[in-house]
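The values are calculated or read from the model by the stated rules, or taken from the named source; none is laboratory data. Just so it is clear, the structure is predicted and the values come from calculations on it, not from any experiment. Quick reminder, even Gly has a Cβ in these numbers, built from the backbone with ideal geometry, and neighbours come from all protein chains shown. Heads up: the accessible areas ignore ligands, DNA and RNA and are worked out on the full protein's heavy atoms, side chains in. Shrake-Rupley method; radii C 1.70, N 1.55, O 1.52, S 1.80 Å.
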Amino acid sequence: MKPVLEVKGLTRDFGGLRALNELDLTVNEGEIVALIGPNGAGKTTFFNCVTGIYKPTEGTVHLYGANGEKHLLNGRKPHLITALGMARTFQNIRLFSDMTVLENVMIGRHCRTKAGIWGALTRNPATRREEQESIDISYSLLETVHLQDLWNEKACNLAYGAQRRLEIARALATEPRMLLLDEPAAGMNPQETEELMRTIALIRQRYRVTILLIEHDMKLVSGVCEEITVLEFGKTLAQGDTKEVLSSPEVVKAYLGED
């Protein structure tokens with residue numbers, strides 16, 4: 001299997017606090033993998049290190065391109081990492097609330113468009129074609145997450161679960177090879193979670209994207225993920241097949257405690 005994301009010895013310190021401690025993780029092409037653990041285990045810190053928001057204290061993060069080229073992500077700016085093929089959503093929703101649903105997705109196309117200031121000013125044929133292509137791709141992504149009928153609605157008017165799906169569509173607009181989802185089911189009711197599970201499976205099939213997600217909803221995790229890595233206090237507690245990991249006494253203890 002071909003790796004898409006390869007993390008070795010990832011460590012992140014905040015002053016005297018070690019949030020991540022020599023973490024290893026490889027996600028292979030086409031996989032859906034979960035990163036789970038109690039609150040404060042270091043999951044979002046891991047995402048922030050991988051996507052360039054934080055610089056790792058130690059260790060390496062590599063993203064592999066479609067032709068096997070290996071890109072070191074350490075020290076790269078977030079927008080450059082996005083351009084290389086990695087996109088993410090956030091635990092706290094970060095939409096442009098006063099823009100329409102379609103416009104929010106179109107913003108994600110920015111790293112894949114070529115028109116500069118001159119094209120925007122002159123509105124030449126190439127710029128108009130590129131803009132129409134961006135509209136068409138963005139609308140298609142809204143169909144994938146079942147928001148096409150709300151394309152002209154302001155993002156702030158969407159229900160919470162719909163805003164979560166809109167963030168996913170915007171991330172997909174960057175044409176990622178690797179998609180990172182930070183608690184995509186947070187705040188969703190059981191029916192919305194079921195729909196999200198189907199959507200995640202569809203995204204992998206339709207766009208051939210590899211997915212790494214942070215999630216506390218174990219029904220979603222067990223329903224869509226082949227493998228799991230469990231963090232506890234910034235260290236790897238367990239790693240491997242989903243069913244085996246979730247039935248591990250150490251993992252049950254970490255989540256539920258013991259008598």
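For segment 148-245, state which GluC sites (Glu not before Pro) are in a DSSP loop and have at most 15 other beta carbons lying within 10 Å of their beta carbon. Don't jump to the answer; show the numbers that get you there.
Details: sites: E153, E167, E192, E194, E195, E215, E226, E227, E232, E244; in loops: E153, E215, E226.
Answer by residue number: E153, E226.
Relative contact order, percent, of the chain when contacts are C-alpha pairs under 8 Å separated by at least 6 residues? Kindly include the intermediate steps, with their values, before the conclusion.
Values: 481 pairs, mean separation 68.0, N = 259.
Result for the chain is 26 percent.
What 222 nm value per residue comes from the helices of the chain, counting each DSSP H run with n ≥ 4 as -39,500 (n - 2.57) and dividing by all residues, nearest 500 deg cm²/dmol?
-11000 deg cm²/dmol
Please give the Cα centre distance for segment 136-171 versus segment 1-70, rounded to the nearest Å.
Answer, in whole Å: 28.
Leaving out ligands and nucleic acids, and using a 1.4 Å probe, what accessible area per residue does the chain come to in Å²?
That works out to 50 Å² for each residue.
Mind listing which GluC sites (Glu not before Pro) in segment 46-105 are in a DSSP loop and have 16 or fewer other Cβ atoms within 10 Å?
E69
Return the loop-located trypsin sites (Lys or Arg not before Pro) in segment 145-237 (DSSP other than H, G, I, E, B) with at most 15 other Cβ atoms within 10 Å of their own Cβ; answer none if there are none.
For trypsin sites (Lys or Arg not before Pro) across segment 145-237 that sit outside H, G, I, E and B with at most 15 neighbouring Cβ atoms in 10 Å, the list reads R208.
Hey, what do the phi angles of segment 74-82 turn into as Karplus ³J(HN,Hα) couplings, whole Hz, using 6.51/-1.76/1.60 and θ = phi - 60°, x for Gly and Pro?
3, x, 7, 6, x, 5, 6, 5, 4
Take T44, T57, T174 and sort them by solvent-accessible surface of the protein heavy atoms, 1.4 Å probe, largest at the top.
Numbers: T44 40, T57 65, T174 15 Å².
Listed by decreasing accessible area, they come as T57, T44, T174.
Can you count the Lys pairs in the chain whose Cα atoms are under 16 Å apart, with each pair 8 or more apart or on different chains?
Close lysine pairs under the 16 Å cut-off: 11.
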